[in-house]
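Worksheet: the structure to be examined is printed underneath.
The values are calculated or read from the model by the stated rules, or taken from the named source; none is laboratory data. None of the values given here were measured: they were computed from a predicted structure. Backbone-built Cβ (ideal geometry, glycine too); neighbour counts: all protein chains shown. Remember, those area values only see protein heavy atoms, side chains included, never the ligands or the DNA or RNA. Shrake-Rupley method; radii C 1.70, N 1.55, O 1.52, S 1.80 Å.
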Amino acid sequence: MVRVLLVFALVAVALPAQRPARKKTPSKPAAKTAAASDRWPLAEVRIAGNKIFPTDAIVRETGLKPGALVNKQDFQHALDRLTATGAFQTISFHYEPVGEKLAVTFEVQEVADIYPVGFERLDVPDAELMKMLSQRVPLFGPQAPATGEMVKRIVAALEAYLQEKKKPTAVTGRLLAAPGGKLVMTFRPTAAAPVVTFVRFEGSRLIPPQELQKAFYQTAVGTPYTEPRFRELLDSNIRPLFEALGRLEVRFGPLRAEESKEAAGVEVTVPVQDGEEFHFGRVRFAGNTKVSSIELSRLVKLEEGALANFVLVNKATADIERRYGRDGYMHAKAVVERKLDDSKKTVDLVIRISEGDRYTMRALTIQGLDLNGEDAVRRRWAIQRGQPFDGLYPETFLKRIEEDGMFDNLGKTNFRLNVDEPNKAVDVVLEFKGAPVQKRRPGEP
């Protein structure tokens with residue numbers, strides 16, 4: 001069988017000049033007319049290299065249909081359509097005979113950085129916007145790169161749709177961090193968000209609204225207002241006040257943001273539903289192999305039946321991490337999983353521990369002291385070479401040096417940790433600034 005091959009490559013959107021390919025004419029079907037002598041029936045469209053965008057969606061975007069009569073210009077037009085989506089860094093194609101038809105394969109390399117899509121302040125439900133974009137923007141996932149042709153198409157589609165909804169808005173796309181730190185390609189009005197000028201709480205019987213307002217004022221007033229970000233502030237600043245009182249199902253909202261009559265911005269009203277009081281149920285540990293559950297239970301003291309005060313829970317996780325740190329597990333983490341029983345008003349806890357690797361002390365360097373002062377500090381340093389390294393110890397050690405008044409004219413103290421990750425070893429540098437002079441004790445020469 002005679003092989004027909006032609007490759008077109010696209011790099012960074014621009015097509016390079018192509019040399020005419022030498023072409024051997026396949027055997028022509030007997031029924032083929034002279035008018036169609038440069039075209040062949042299309043057998044199949046194949047896609048290779050895609051990992052994010054679905055194959056069937058890419059095939060649809062080429063505009064090619066099996067059975068149609070095609071030639072290399074049709075394949076070039078299909079490549080141009082794929083290029084215009086902004087979904088790919090490079091595209092090439094080749095075609096070959098399959099019987100008395102042609103099959104074409106598009107080799108694609110997708111854009112490297114692609115992100116979930118989100119919306120802010122567009123005054124249309126997110127689900128409605130997602131549905132619209134999936135219909136109007138080729139290869140909308142719903143994911144998008146941070147720049148490029150696809151972003152332009154999304155912006156144009158959003159502006160056109162908002163115009164249709166009688167809500168004309170200029171839109172921009174920007175990569176922003178969502179709650180939890182995840183990056184989201186966020187589309188929102190180009191006009192800046194209004195700032196919060198005042199916050200009022202209503203409905204809480206457990207904590208007076210004035211106390212909530214006082215606790216929230218410095219955090220919220222003056223910040224740009226979007227409901228998701230405002231709720232994030234509520235969860236990090238106000239929710240803990242209720243969870244300290246066992247109100248684990250406290251709810252905020254629906255929020256009301258109204259234009260302020262006294263200053264440029266919005267006043268936000270936060271209805272509060274306190275929820276009912278919860279108590280601790282069963283508390284257990286998972287992932288701990290270096291410290292026993294019995295020891296951890298004695299350490300955290302979260303008693304079954306006691307008020308579910310999550311200030312104590314947060315303290316417990318910090319205490320667990322410090323306990324592991326004393327044994328050299330510098331990166332140990334304790335994370336709480338909660339399971340609420342609404343019928344009993346209890347919460348079961350699983351404290352899941354990631355212990356990590358154990359680090360040891362290797363070298364101690366002291367800077368800024370004379371030989372006598374350095375010797376005195378070394379004699380007080382408790383962690384010896386090869387012993388488990390406690391990551392909190394250097395700060396505690398320097399505070400004790402200052403509190404004990406060991407030196408006159410002592411300026412700022414500091415420490416640095418140089419961690420040898422492959423060997424799990426730590427070198428400590430203690431820095432003493434000023435003109436420190438060791439104090440002499442009574443009776444010393």
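Under a point-charge model restricted to the Cβ atoms of Lys and Arg (+1) and Asp and Glu (-1), what is the dipole moment magnitude of segment 290-445 relative to its Cα centre, in debye to the nearest 20? Intermediate values should be presented prior to the final figure.
Working: 28 positive and 26 negative charges, 31 e Å.
Dipole about the Cα centre, nearest 20: 160 debye.
Shape of segment 227-361 from the C-alpha gyration tensor: oblate (a/c of 1.5 or more and a/b not above b/c, with a ≥ b ≥ c the square roots of its eigenvalues). So, in Å, what gap is there between the alpha-carbon centers of segment 202-264 and segment 369-401? Here the answer is 45 Å between Cα centres.
Accessible area ranking (1.4 Å probe, heavy atoms, ligands and nucleic acids excluded), largest first, for Glu100, Glu267, Glu159: Glu100, Glu159, Glu267.
Only protein heavy atoms count here; on that basis, with a 1.4 Å probe, Leu69 has an accessible area of about 90 Å². Show log10 I(q)/I(0) for segment 223-278 at q = 0.15, 0.16 Å⁻¹, two decimals, from a solvent-free Debye sum over equal Cα scatterers. Per q value, in the given order, log10 I(q)/I(0) is -0.49, -0.54. All Cα-Cα distances of the chain, cut into 20 Å bins from zero to the largest, leave 17, 29, 33, 17, 4, 0 percent in each bin in turn. Counting only aspartates and glutamates at least 8 places from Lys433 when in the same chain, those with an alpha carbon closer than 19 Å to its own are Asp370, Glu374, Asp375, Glu395, Glu402, Glu403, Asp404, Asp408.
Heavy atoms only, probe 1.4 angstrom, no DNA, RNA or ligands counted: give me Thr317, Thr289, Thr190, Thr172 ranked by accessible area, highest first.
Numbers: Thr317 20, Thr289 110, Thr190 85, Thr172 50 Å².
Highest to lowest solvent-accessible surface, that is Thr289, Thr190, Thr172, Thr317.
Taking each of Lys399/Lys439; Lys131/Lys166; Lys290/Lys345; Lys315/Lys339; Lys51/Lys152 in turn, the alpha-carbon distance tops 26 angstrom for Lys290/Lys345. Taking θ as phi - 60° and the Karplus parameters 6.51, -1.76 and 1.60, the scalar couplings of segment 384-394 work out to 9, 3, x, 7, x, 9, 9, x, 8, 5, x Hz in sequence order, x denoting glycine and proline. Pairs with C-alpha atoms separated by more than 23 Å, drawn from the list Lys301/Lys333; Lys333/Lys424; Lys333/Lys412, are Lys333/Lys412.
Within the chain, what whole-number % of the accessible surface is contributed by carbon and sulfur, with the 1.4 Å probe and all protein chains included in the calculation?
Numbers: 12560 of 25250 Å².
The computed percentage sits at 50.
Across segment 329-445, the relative contact order, built from alpha-carbon pairs under 8 Å that are at least six residues apart, equals 27 percent.
I need to check one value: relative contact order of segment 35-77, counting alpha carbon pairs closer than 8 Å and at least 6 residues apart, in percent.
Values: 33 pairs, mean separation 23.2, N = 43.
Here the relative contact order equals 54 percent.
Averaged over its residues, the chain has an accessible area of 57 Å² per residue, based on protein heavy atoms and a 1.4 Å probe.
Once the Cα atoms are used to define both axes, helix 371-380 deviates from the longest principal axis of the chain by about 90 degrees. Accessible surface ranking for Ile114, Ile58, Ile294, 1.4 angstrom probe, highest first: Ile294, Ile114, Ile58.
Sorted from longest to shortest, the spans of the Cα atoms of segment 236-311 along the three principal axes equal 60, 26, 15 Å.
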